[in-house]
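Reviewing the structure listed below.
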Amino acid sequence: MRWSYRRKGGAADVAASEDDEPRARNRVSATVSVLLAIVLVAAGAGGAFLYIKARMPRSFVSSLQTETVTVEASTFDDSHMVTVTVPQSTHQSVVSPVTGTVTRLDCAVGGQVASGSACLSVDETPVLMLYMSVPPYRAIAPNATGHDVQALNSELRRLGYGAPDSSTMTWDTITAYNALAASVGSPQLTQDTGWTLDPSMFAWLPQESVTISSTALTYGGQAVQGQELFATSIPPTSVVFSRTLSAGSLAAGDRIVTIGGATYTIPDGQTTITDPAVVNAVLGSSEYAAALSSSDPTATSVQVSYTWKLAAPLAVTSVPPASLYDVEGSSGCVVSDGSPRAVSIVASQLGRTMVTVDDGGAISSVDVLPSSAKACR
């Protein structure tokens, strides 16, 4: 059978044969099949979701809900290994103030030479060793003033002599110097010299005490004015404590470091330590000796480690990290007994966060994942 259809008002006829009818039915069947497949997939996904939800562990479900947990108070000393950087000793020459024959020599390598002593004699005259914070560069006459005179008076007083606390060369300065010179047998200031202290009357030391690292002097050899008597090894006067951790940060507060079985207090925030007790303890420790023996000879410093901790341990409460909210830096909030409490974060260990309560009170429980927590500050 053939049929024809003319579109109303159209200019062309649209014709179809009976052969087109099965094709139309096939297209409808394919469309229905696709729709059925989509429905089945959706139903399967929904069933899988219901199955998975039914199989979800209670611990996981509960972790997404607010719950209250009990917390415990403890003390925290923030014990860590601390790295201490120690500068290498510096070397400096001590030069001869006079020329002559060495008639006495007690300046051995490794030996200590202190200000106010005389470890050698030239032409049978002891050579006074004297430290001044300002190197001598001129003859100091009576009534002279300056930083070098102040340094001279300061050292004479440190050695126990009655020099004035001033920057002027007075009769008390002259008397104090002559008493020191007489104690070792070196030349004194006299009227013949105008009571003037000349740099040729003593050998200047760069520190109050030095260690001899090398010397070319020999008994009976020649000392030459301006040339080296011996080289000194000047130990460092400060050490640097690192306050950087590989993870986290140090708790605030003074700390106690243990060196050689003794403890020393390091003030909060300080890194460069000049306290002679601490510096000498580091330099005399077995840890420093081991680090020094294995260090590069050309290195300018060595590093050594000790244990330190808070001088006053903190009273802390360990809370789950999920109980904290409104965290900014080391400040945060928790909900305890239904009330928001301001806390300060001290440290984190083993999945717990240690906090102190800002109002000084105590907390025995906190809400985990608080859903409607209010501001605590």
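Points worth noting:
- Expressed to the nearest 5 percent, the antiparallel share of DSSP beta bridges inside the stretch 90-234 is 85 percent.
- Taking 37 °C and 0.692 mPa s as conditions, the stretch 90-234 diffuses translationally at an estimated 216 µm²/s according to Stokes-Einstein applied to its Kirkwood radius (Cα pairs).
- Given R0 = 30 Å, the distance between the Cβ atoms of Arg138 and Ala277 translates into a calculated FRET efficiency of 0.25.
- Contour excess over end-to-end distance, with Cα ends at Thr125 and Ile234 and 0.36 nm allotted per residue: 36.6 nm
- Extending 7 Å from Cα along the Cβ direction at Leu369 and again at Gln227 yields two label points whose distance is 8.7 nm.
- Dmax and Rg, reported as Rg then Dmax, of the stretch 191-297 (C-alpha, Å): 21.4, 71
- Applying 1/(1 + (r/R0)^6) with R0 = 30 Å to the Cβ-Cβ distance of Ala289 and Thr244 gives a FRET efficiency near 0.75.
- Across the stretch 269-377, the relative contact order, built from alpha-carbon pairs under 8 Å that are at least six residues apart, equals 21 percent.
- Sum of side-chain charges, Asn280 neighbourhood, beta-carbon under 15 Å (Lys, Arg +1; Asp, Glu -1): -3
- Peptide packing: for 122-135, 224-237, the average count of neighbouring Cβ atoms within 10 Å per residue gives the ranking 122-135, 224-237, highest mean first.
- Estimated at 0.36 nm per residue, the fully extended path between Ser167 and Val109 surpasses their Cα-Cα distance by 17.3 nm.
- For the stretch 279-357, the Kirkwood estimate of hydrodynamic radius, built from reciprocal distances between every pair of different alpha carbons, is 16.2 Å.
- Net charge of neighbours whose Cβ lies under 15 Å from the Cβ of Leu310, counting Lys and Arg as +1 and Asp and Glu as -1: -1
- Table column - 3J(HN,Hα) (Hz), the stretch 88-96, Karplus curve with 6.51, -1.76, 1.60, x for Gly and Pro: 6, 4, 9, 10, 8, 8, 10, 9, 7
- Taking label points 7 Å from Cα along the Cα-to-Cβ direction, Val95 and Thr218 give a separation of 2.4 nm.
- Annotation: amide H of Gly116 within the under-5 Å range of Met129, Leu130, Tyr131, sequence separation 5 or more or interchain, hydrogens built in the peptide plane.
- Gyration tensor over the Cα atoms of the stretch 231-377: the corresponding equivalent ellipsoid has semi-axes (square roots of 5 times the eigenvalues, largest first) of 43, 14, 12 Å.
Every number in this text was worked out from the coordinates using simple rules, so none of it is lab data. Here the structure is a predicted model, which is why all the values come from computation and not from measurement. Cβ coordinates were reconstructed from backbone atoms using ideal geometry, including for glycine residues, and neighbour counts include every protein chain displayed.
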